[in-house]
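Worksheet for the structure shown next.
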Amino acid sequence: MLSSLASRASLVLLVSASTAACGGHRVVPLLSSAGIPVTSPTGAVPLEVVTRSTGVRDPLPVNGASVSYAQFEEALGHAVSTAAVPWAKENQGRRPGGWQLFVEVVQAEAEQEGSRLLVTIGVRATLRARVGGAHLAQTEAACRDGAIVEPGSGAAVLYACMRRIGRDLSGWLATADPDAQPASALAAPEPTSDTPVGAGVGPIGASGAHPDTDGDGDSDAPGEDD
């Protein structure tokens, strides 16, 4: 009887501990009501910023703490959009339809070491024409930030890291050519009927690099008479 009661009590404690562990995990929204990670182009700001994660979890878990941060892509999208507004306004009207800045998150890590939160974020950014989607330029940016905060109180640390990426991408945009043409548009033109292929070059024989002057199918070296 006592053994049965003890086993039942142990089972209750085990279930309670598991429930507490699950219920104790906090999900912290980086943005409570900030919309989606896309800024639709307007007459004033012809720039669309799109964010996407590749192999990165959202909500982002914090190693060493029972905390995850949600709305990661949305927060990064707004940070980059805000930083890129001056560039978009300065280049307004230079490309029909404007541009799209595609920001792909390739790395996102958060770790709680005692009272210190460390955050690492890496992205790949691609500038495209909105009309036709032509690839114009590409770069990478990364940040690493940290601060002494309680677990679950590190939203400001993530924001600071994202804003740094936004500033880096804004600086990169300032060096990019907004009128750049895609590589396909810069390809060499095809020969026309007015430009004979091989003009100015004699026919090359099958067995070497000397011209086939007598038309017998092989090259004729200097002094060769067949």
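Values quoted throughout were computed directly from the atomic coordinates according to the rules given, and no laboratory measurement underlies them. Treat the numbers as computed from the prediction; the structure is a model and nothing was measured. Positions of Cβ are generated from backbone atoms using ideal geometry, with glycine treated the same way; all protein chains shown enter the neighbour counts.
Extension gain for ASP179-GLU113 works out to 19.1 nm (0.36 nm per residue, less the C-alpha to C-alpha distance).
With 0.36 nm allotted per residue and the present C-alpha distance subtracted, the VAL27-SER153 stretch has 44.3 nm of extension available.
Note on ASP58 and GLU90: the model spin-label points, each 7 Å out from Cα along the C-beta direction, lie 2.8 nm apart. Each residue in TYR159, TYR69 was given a count of other beta-carbon atoms within 10 angstrom of its own, and listing them fewest first yields TYR159, TYR69.
The Cβ shell under 9 Å around PHE72 holds other residues with a net charge of -2, Lys and Arg each +1, Asp and Glu each -1.
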